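As structure tokens, the structure follows; a few thoughts come after it.
The values are calculated or read from the model by the stated rules, or taken from the named source; none is laboratory data. What you see is a predicted model; the values in this text were computed from it and never measured. Here the Cβ positions follow ideal geometry from the backbone for every residue, glycine too, while neighbour counts run over all protein chains shown. For the accessible areas, the whole protein counts, side chains as well, though only heavy atoms, and no ligand, DNA or RNA atoms are used. Shrake-Rupley method; radii C 1.70, N 1.55, O 1.52, S 1.80 Å.
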Amino acid sequence: MRDRLFRFVLDHPVWVILLSVLLVFGAASGAKNLVFKSDYRVFFGEENPQLTAFESMQKIYSKSDNVAFIISPDDGEVFKPSTLAAIYELTNESWQVPYSTRVDSVTNFQHTWSEEDDMIVEDLVLDPEAISEADMPRLKEIAVNEPLMLHKLISEKGHVTVVNVTVQLPGENPVVEVPEVVSKVREMRDNFVAANPDLKVHLSGMVMMNNSFAESSLNDNATLVPIMFGVVILGMILLLRTFSGTFATVIIIGFSIAGTMGLAGWAGLFLTGPSASTPIMVLTLAVADCVHIMTTMFYEMRHGVEKRKAIEDSLKINFQPIFLTSATTAIGFLSLNFSDSPPFHDLGNMVAVGVMLAFVFSVTVFPAMLRLLPVKVAQIEEGESDTMHKLADFVVSKRRVLFPTMAVIMAAIVLLVPMNKLNDDFVKYFDETVPFRQATDYMQDNLSGMSTMEISIDSGEASGINAPKFLKTVGDLSDWLRAQPETDHVNTLSDTIKRLNKNMHSDDPAYYKLPTDRELSAQYLLLYEMSLPYGLDLNNQLNVDKSSTRVVATFQNLTSTQQIEIESRIYNWFAENAPQYEVSIASPNLMFAHIGQRNIYSMLLGTSLALILISILLGFALRSVKFGFISLIPNLAPAAMGFGVWFLIDGQIGLALSVVAGMTLGIVVDDTVHFLSKYLHARRDRNKGTHEAVRYAFGSVGRALWITTFVLVAGFMVLAQSSFKLNADMGLLTGLTILIALIVDFLFLPPLLMKLDKSKATETTEDTNSNDSDTHSKDRETSATTADGKTTEGDNNDSVNQPA
């Protein structure tokens with residue numbers, strides 16, 4: 001069956017190419033259905049407990065998605081008539097932002113004070129034309145001394161302010177809704193800055209973060225994919241010295257990417273930050289198949305074999321190992337379905353499909369193109385040296401030193417793994433070139449952080465928020481939160497009640513405290529609510545029957561570990577001080593804080609299952625339980641060593657890195673499979689001793705392995721340049737792991753094989769002749785047995801013997 005396929009491909013290359021083009025175009029047409037989903041919620045499954053808690057809170061209170069206009073005057077003074085007039089205009093215009101439900105700023109803050117027996121509630125700046133320079137000190141004093149404004153709407157120095165627009169996205173079409181809001185606020189910003197050149201404006205908030213997920217990924221694809229194509233083309237031309245082979249490889253890559261993205265579109269998948277990196281991953285992984293087929297074909301042709309026969313021999317020799325490595329790579333990526341984050345499911349499934357498409361195209365379209373394209377290779381000359389054979393000589397002669405040395409080095413690096421910390425900082429998902437990151441860092445340095453926790457406290461009874469005991473608990477919690485070193489701001493009902501109590505006692509500061517009478521609190525609150533304008537009510541703090549309230553604490557930009565620790569402290573505070581109330585804590589920040597740690601545990605299961613499946617595959621392929629177990633060491637060690645080295649680079653493991661072990665497991669198996677298959681071929685079919693079998697494996701497949709490793713590492717290093725940290729860290733650690741895998745397979749696996757594989761006679765002859773190059777050169781030119789039992793001229797090699 002396999003041989004008939006090869007013969008058909010080589011006999012009818014034009015028909016194979018035309019049929020493949022039709023199939024690819026059919027699949028690729030689905031790419032029109034691919035759209036980018038700009039919503040941080042896509043990172044969380046429907047059953048994620050933190051998402052469930054957050055969505056429940058959003059249903060009880062008004063939604064908290066927002067856009068923040070961060071305004072900083074050049075002269076460092078917000079409280080000037082002209083600046084307040086500009087902020088007043090921007091505040092009014094912000095009601096025109098799509099889906100806006102509330103706008104908060106220093107100008108429309110609902111300031112209260114007493115006038116004889118009346119309580120006045122009105123905007124802090126009611127009419128910008130009616131204020132003068134003489135009013136500025138009073139307005140500034142009110143703002144910087146009001147706890148509900150300080151570090152939320154105004155900085156302590158009064159040099160930075162915020163216009164905060166709360167939006168309630170319908171969620172029916174997030175692909176359109178978020179860009180619609182972002183487009184409007186950017187237009188408003190540009191117009192505002194043009195009209196007020198002395199004012200700088202940054203844009204932050206959850207909506208801007210949502211949009212940054214999409215923009216960063218799309219910008220990366222617009223820049224990184226072309227760079228990677230350039231790296232592959234240049235690398236293959238320089239390393240394999242073939243234009244036609246490089247052209248055919250680029251076509252296979254294009255077919256694989258187009259087919260993958262098109263099928264994803266037909267399947268109804270959305271693009272997200274992680275899954276948008278699929279083209280780069282498919283691109284790098286697809287190259288490996290073509291390199292192995294080409295290197296074997298070139299080797300045969302350099303030894304005088306006619307081109308068609310060389311292509312056919314190469315397909316026969318490489319079909320099984322390429323299929324095996326493609327299958328193991330697909331299994332590794334499919335293990336991402338165990339991730340707690342749906343975008344990684346899509347990434348795993350899309351890359352798995354891409355890898356298998358690359359396999360199909362590499363054994364059909366690729367040889368068909370090689371059959372038609374002109375391919376010229378120089379005949380190899382007798383006695384030319386080969387770097388791989390020199391490396392083999394070194395490994396064999398130094399095996400007694402390499403084995404313990406590599407074992408100690410590997411063990412030492414693996415011991416660093418537990419020193420990594422499970423940590424994440426979702427603001428730093430974007431590098432400093434991203435406008436959202438710049439705005440958020442500026443806001444952190446001058447006003448407050450973006451890390452929030454929404455604390456819902458349920459009194460258990462209708463109108464229970466007015467109970468003195470409940471209000472005291474809310475007030476005590478607010479005071480305790482403000483005393484925490486990480487806290488920037490606390491938005492709490494207790495501050496409003498204290499201010500109203502003071503106002504109703506002729507603004508006597510002695511009455512800035514919570515009333516002790518339930519009816520009095522209820523009357524104050526009713527009077528205040530009736531005085532509030534539309535859109536500035538208390539629905540963001542109170543539920544409908546006034547049985548619960550929401551306290552929103554804003555912290556410095558914190559890592560996931562710090563946020564989880566604060567969350568635990570809050571729950572402990574309630575356990576000790578108010579165990580009678582039902583409390584829930586939620587926020588987007590907390591969702592991201594927990595997802596990394598949840599993902600670690602879920603991926604342990606996925607990686608374990610992938611390891612079992614890959615081990616079974618290897619056992620069948622190698623036809624040996626013993627060698628299946630031996631292969632586990634070079635397959636598992638690279639990922640563990642990669643995380644060990646990561647401790648020296650960063651030391652923080654978050655959402656992106658939690659999937660790397662499962663993802664790389666299938667990739668690093670490739671090197672082991674190709675090396676072991678050639679080693680076992682030499683042992684079983686050519687009756688060689690362990691030392692000569694190692695030299696045979698190096699000579700036959702070593703060159704192809706380091707070329708494919710170079711391409712893979714280059715590809716993932718390009719991904720590491722992404723402005724989206726999830727993709728950048730994933731690319732860096734994956735590339736690092738693949739490089740470590742090659743080092744382990746070249747310097748540790750051969751000494752391990754020579755030490756453990758004692759199934760044949762002792763090799764005293766080899767020991768005495770381990771540096772005899774004449775013996776080695778003979779081994780390069782003898783005939784090799786192909787996978788189907790036939791012999792072909794030249795070794796069963798995947799490499800091109802060239803001068804070192």
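Brief remarks on what is shown
- Candidates are the residues of the range 377-402 that are more than 41 Å from the chain's Cα centre (by Cα) and small (Gly, Ala, Ser); the one that is modelled with the lowest pLDDT is Gly383.
- Some residue of the range 419-442 being among the acidic types (Asp, Glu) and either at pLDDT 90 or above or part of a helix (DSSP H, G or I) (or both): yes
- Unique residue being among the charged types (D, E, K, R) and out of contact with any Leu (no Cβ under 9 Å at 6 or more places or on another chain) when the list is Glu116, Glu177: Glu116
- Any hit, the range 403-411, residues being over 16 Å from Ala741 (Cα atoms), modelled with pLDDT of 90 or more and either touching a helix residue (DSSP H, G or I) at 6+ places or on another chain (Cβ under 6 Å) or open to solvent by less than 20 Å² (accessible area, probe 1.4 Å) (or both): no
- One residue from Gly619, Gly628, Gly666 being touching a Ser or Thr at 6+ places or on another chain (Cβ under 8 Å), surrounded by fewer than 24 Cβ atoms within 10 Å (Cβ to Cβ) and part of a helix (DSSP H, G or I): Gly628
- Residues in the range 72-93 that are assigned to a loop (DSSP other than H, G, I, E, B) and farther than 21 Å from Arg138 by Cα: Asp74 only.
- Search result, residues across the range 506-522 that are in a loop (DSSP other than H, G, I, E, B) and without any contact (Cβ under 8 Å) to a residue 60 or more places away in the chain: Asp508, Tyr512, Lys513, Leu514, Pro515, Thr516, Asp517
- Among the candidates Leu525, Leu536, residue that is assigned to a loop (DSSP other than H, G, I, E, B), closer than 27 Å to Asn66 by Cβ and touching a residue at least 12 places away in the same chain (Cβ under 8 Å): Leu536
- Checked against (1) more than 33 Å from the chain's Cα centre (by Cα); (2) buried (at least 19 other Cβ atoms within 10 Å of the Cβ); (3) of a type in the set (Val, Ile, Thr), Thr559 passes all but condition (1).
- Each residue in the range 171-200 was checked for being open to solvent by 70 Å² or more (accessible area, probe 1.4 Å), over 20 Å from Thr91 (Cα atoms) and either in contact (Cβ under 8 Å) with a residue 24 or more places away in the chain or touching a strand residue (DSSP E or B) at 6+ places or on another chain (Cβ under 8 Å) (or both), and 0 pass.
- Asp445 vs. criteria loosely packed, with under 15 Cβ neighbours inside 10 Å and among the charged types (D, E, K, R): yes
- Candidate set: the range 10-38, residues that are among the polar types (S, T, N, Q) and either open to solvent by 40 Å² or more (accessible area, probe 1.4 Å) or not in a helix (DSSP H, G or I) (or both); chosen: the one farthest from Glu177 (Cα to Cα): Ser29
- So Leu203, is it open to solvent by less than 30 Å² (accessible area, probe 1.4 Å) and assigned to a strand (DSSP E or B): yes
- When the test is whether a residue is open to solvent by 20 Å² or more (accessible area, probe 1.4 Å), free of Cβ contacts under 8 Å to residues at least 60 places away in the same chain and among the hydrophobic types (A, V, I, L, M, F, W, C), Phe647 does not pass it.
- Within the range 151-170, restricting attention to residues that are open to solvent by less than 40 Å² (accessible area, probe 1.4 Å) and not β-branched (Val, Ile, Thr), the residue that is nearest to Thr496 (Cα to Cα) is Leu153.
- Residue-level check: of (1) under 30 Å from Met297 (Cβ atoms); (2) touching a Leu at 6+ places or on another chain (Cβ under 6 Å); (3) open to solvent by 10 Å² or more (accessible area, probe 1.4 Å); (4) not aromatic (Phe, Trp, Tyr), Ala352 misses just (3).
- Pick from the range 748-762, criterion touching a helix residue (DSSP H, G or I) at 6+ places or on another chain (Cβ under 9 Å), open to solvent by less than 90 Å² (accessible area, probe 1.4 Å) and more than 20 Å from Leu391 (Cα to Cα), ranking: modelled with the lowest pLDDT: Lys760
- If you check Ile595, Ile566 for being within 22 Å of the chain's Cα centre (by Cα) and either within 30 Å of Ala522 (Cβ to Cβ) or in a helix (DSSP H, G or I) (or both), only one passes: Ile595.
- Residue within the range 656-663 that is over 32 Å from the mean Cα position of the chain (by Cα), of a type in the set (Val, Ile, Thr) and buried (at least 24 other Cβ atoms within 10 Å of the Cβ) present: no
- Subset of the range 40-71 that is more than 30 Å from Leu336 (Cβ to Cβ) and part of a loop (DSSP other than H, G, I, E, B) - its residue that is most open to solvent (accessible area, probe 1.4 Å): Lys63
- Residue list for the range 125-145, filter: open to solvent by 20 Å² or more (accessible area, probe 1.4 Å) and part of a loop (DSSP other than H, G, I, E, B): Leu126, Asp127, Ile131, Ser132
- Among the residues making up the range 291-323, a single one is surrounded by fewer than 21 Cβ atoms within 10 Å (Cβ to Cβ) and among the aliphatic types (A, V, I, L, M): Val305.
- Residue in the range 500-509 that is under 21 Å from Ser64 (Cβ atoms) and either open to solvent by 80 Å² or more (accessible area, probe 1.4 Å) or more than 41 Å from the chain's Cα centre (by Cα) (or both) present: no
- Filter result (assigned to a helix (DSSP H, G or I) and either among the polar types (S, T, N, Q) or without any contact (Cβ under 8 Å) to a residue 24 or more places away in the chain (or both)) within the range 701-730: Thr708, Thr709, Met717, Asn727
- Residue list for the range 467-480, filter: open to solvent by less than 10 Å² (accessible area, probe 1.4 Å) and either within 18 Å of Tyr61 (Cβ to Cβ) or touching a residue at least 40 places away in the same chain (Cβ under 8 Å) (or both): Phe470, Leu471, Val474, Leu477, Ser478
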